[in-house]
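To keep things clear, I will list the structure first and then write my remarks on it.
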Amino acid sequence: MKLIIQIPCKDEALQLPATLADLPREIEGMDEVEWLVIDDGSTDATIEVARAHGVDHVVRLTNNKGLAAAFQAGLDACLKLGADVIVNTDADNQYFGGDIPKLVEPILRGHADMVVGNRETDQIDHFSPFKKRLQRLGSAVVRRASGTNVPDTTSGFRAYNREAALQMQVVSKFTYTLETIIQAGKMLVAVDHVPIRTNEKTRESRLFSSTWAYVRRNAGAIFRIYALYEPLRVFMIAAGAVALPAAVVWARFLYFFFSGEGEGHIQSLILGSTLIVIAVQLVALGVVADILAANRTLQQRTLERVRRVELNMGIEPSHYEPATAPTGHAPTTGADSGPATGKSERTQVRA
C-alpha cells in the first residue's frame, strides 16, 4: 500500500523544514510513504526548500487559488500517483507529524474511510476562550449537518482512503475542512476521529487577520455549507421565522376587529399579509433549492465516475512536477514516473 502525505503551501520556506522533519518515511502496514507539496502560488523559495528536504512530488499552481483549491489539487494528484491512503497536514507545523500512524490506523484496520485528527482545542493554550467556544459551536453545527460525531471539524490533519478521496469534491473557495466532513456524512464514507498532538505556535494564522475575521469568515462558511447541503431545512426555518410575527400581527388585528376597533388597525393587516407573502416565497425557494441540491448530488456522483475513468486511463496530475525535475521541466516518462507511464500498477489491475 502507498501512503502520500500532502502539504498545501503558500510562502512556507521558513516553516516547511520543521514540518517535513516530523513526517515519517516508514509506517507499519504501508509499503511506501511519499511526500507531496502543493505550491499555491508562492513567491518565496518554498519549492526549492521542499526539494532540498526530500519531497517526492510537487504540484505547482500558477497563482494563489486559496487553501480549498490547493487541497483539492493535491487530492487529485495523490490519486493519480497511486495513493491508497492520503494524509493532509498543514505547512506551518501546527500538527505533530509523529501522530500520522495513529491517524491512519482506523483506515488500515478497515474501521473508517476518513479520519480527522482531534486537537482537543479546549486544551490548546494559545486559543482564546472565545475562540474555543466558537470552535465548539461551529463543530456542533457541522456535526448536525453531516450526521457525524467529529469533535474538531476545523482540523486540517486528516486521512482519507482511496474510496473516500474519490468522492471528495470541494466547491468552497475558503475552506475544505467543514465541507468535506458534511460531504462524507452524506455519502458512503465512514468517518472516525482520533486525538492528536499539536506543536507550539510558530506564527499567526494567515487565513485570519483577527479573531473577529475568524468569526466572520467561519460563520459565513458554516452557514453557506449548511445551506448548500440542507437547503430545505434552512429555508423552512427562515419561513417560520417570518410567518410567526405575521401570525402575531394578524392576531392583534383580529382582536381589535372583533372589539369593534378594526378600522384603526388596518396597518396590522397589511403588515401581516406582507410577511405571509415573504414566508410563502421562502418556502418556494426552499423547494427549488432542494431540487437543485438533488441535482448537485447526481453531478457529484458523475464527477466521481469521471475521476475513476481518468485513473484507469492514466491521466497525468494537473500542474504536476516530479520533485527531482528542475523547475518548469516536464514530468519524465520512465518506468518509475507513476502516472506519466500511462497507467500505474493499480490502474492496470483494475482495468
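The values are calculated or read from the model by the stated rules, or taken from the named source; none is laboratory data. What you see is a predicted model; the values in this text were computed from it and never measured. Ideal geometry is used to build each Cβ from the backbone, glycine not excepted, and the neighbour counts take in all protein chains shown.
Among the residues of segment 43-59, those that are crowded, with 20+ Cβ neighbours inside 10 Å and either under 18 Å from V104 (Cβ atoms) or not β-branched (V, I, T) (or both) comprise A50, R51, H57. Being crowded, with 24+ Cβ neighbours inside 10 Å, over 24 Å from V171 (Cα atoms) and of a type in the set (S, T, N, Q) is the requirement here; does T89 meet it? Against the criterion (crowded, with 24+ Cβ neighbours inside 10 Å, over 24 Å from V171 (Cα atoms) and of a type in the set (S, T, N, Q)), T89 does not qualify. For segment 110-123, the candidate set comprises residues that are more than 24 Å from M187 (Cα to Cα) and in contact with a helix residue (DSSP H, G or I) (Cβ under 8 Å, 6 or more places away or on another chain); within that set, the residue that is surrounded by the most Cβ atoms within 10 Å (Cβ to Cβ) is T121. Across segment 1-19, the number of residues qualifying as under 15 Å from E48 (Cα atoms) and either assigned to a loop (DSSP other than H, G, I, E, B) or free of Cβ contacts under 8 Å to residues at least 40 places away in the same chain (or both) comes to 7. Yes or no: V87 touching a helix residue (DSSP H, G or I) at 6+ places or on another chain (Cβ under 9 Å), among the β-branched types (V, I, T) and at pLDDT below 95? Against the criterion (touching a helix residue (DSSP H, G or I) at 6+ places or on another chain (Cβ under 9 Å), among the β-branched types (V, I, T) and at pLDDT below 95), V87 does not qualify. For segment 171-196, how many residues meet the condition of being part of a loop (DSSP other than H, G, I, E, B) and either β-branched (V, I, T) or touching a strand residue (DSSP E or B) at 6+ places or on another chain (Cβ under 8 Å) (or both)? Adding up the residues that qualify gives 5. Restricting attention to segment 241-297, the residues that are in a helix (DSSP H, G or I) and among the acidic types (D, E) total 2. Taking the numbered list (1) without any contact (Cβ under 8 Å) to a residue 60 or more places away in the chain; (2) under 19 Å from the mean Cα position of the chain (by Cα) in turn, L103 passes all entries but (1). Are there any pairs with C-beta distances below 9 angstrom linking a residue in segment 313-325 that is under 12 Å from L79 (Cβ atoms) to a residue that is at pLDDT 85 or above and among the acidic types (D, E), with the two at least 6 apart or on different chains, and if so which? Qualifying pairs under 9 Å: P317/D76; S318/D76.
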